[in-house]
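The values are calculated or read from the model by the stated rules, or taken from the named source; none is laboratory data. From a predicted model like this one, the values you see are computed outputs, not experimental measurements. Quick reminder, even Gly has a Cβ in these numbers, built from the backbone with ideal geometry, and neighbours come from all protein chains shown. The accessibility values were calculated without ligands, DNA or RNA, using every heavy atom of the protein model including side chains. Shrake-Rupley method; radii C 1.70, N 1.55, O 1.52, S 1.80 Å.
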Amino acid sequence: LAPARLVVCRVASLPYHRCFSSSLPRAHILRSTYLLPTQVRSPCLVRPSYFKTYFHTHRIIMSTAKPYVVFVLGGPGSGKGTQCANIVRDFGFVHLSAGDLLREEVNSGSKHGTMISDMIKNGQIVPAEVTVGLLGTAMEKSPVKKFLIDGFPRNADNHECWVRLMGSTVDTKFILYLDCPEDIMEQRLLKRGESSGRIDDNIASIKKRFQTFVSQTVPVVQGYEKTGTVHHVVADTTPEKVYEQIAKIFAGL
């Protein structure tokens, strides 16, 4: 069995601790085995908070709270992928890239692949139902329920589709917005294009992507700003200095 985790439970204001194998499905009903608080060697390891516990006679029913999501947005070449990797390493999130999922779909030879490929080449935005469906499938497969979704929502249709299809099943925390000037992003993308093999890392596609970002994605960010759920990060400096700003945000969660 995989290493046991600990969950803190309370009954009549008295703390109990339940050890269970992380390899078992969380929705299963498990027989109870309680330890006194004094028997727990490292109380600080008592996690994760995303479990809810329900008692029924001598059993525990484990169920999950809503997964939570942080959207990571910024212009093409602003460093979203690089910074998401840092957050995953230090804060235990799962990184889902909307663009990567779409490219995987193209390579899979599915019925949507050709359409997605043509739209990416032209710097256009793929229909929201396709992207949200791919994201939902990836989230459902993940045992970890903290997600960074980068490159989404890219327009109002993406946002509305997300709220309609996922709004009741996930907790969307905020947008992490990487703010970087176009000239710097263009330099980064052209440099990346020398080795990336991506069909959209060329000057013509880059210009179209910038136009699409300004006209369609920026208004979505502005909409979230009205609710106070956008964290701005200056992203025109080194990756290390950018991450210093980001780490402070996530350390406060």
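Quick one: accessible area per residue over region 89-169, 1.4 Å probe, rounded to a whole number of Å²? Please report the intermediate quantities before stating the final value.
Values: 3940 Å² over 81 residues.
I get 49 Å² per residue for this part.
First measure r as the distance between the Cβ atoms of D118 and S215, then evaluate 1/(1 + (r/R0)^6) with R0 = 30 Å and state the FRET efficiency to the nearest 0.05.
The calculated FRET efficiency here is 0.95.
Report the local net charge at Q187: Lys and Arg +1, Asp and Glu -1, summed over other residues whose C-beta lies under 13 Å from its C-beta.
Details: positive: R188, K191, R192; negative: E182, D183, E186, E194, D201, D236.
That sum, taken over residues with Cβ under 13 Å, equals -3.
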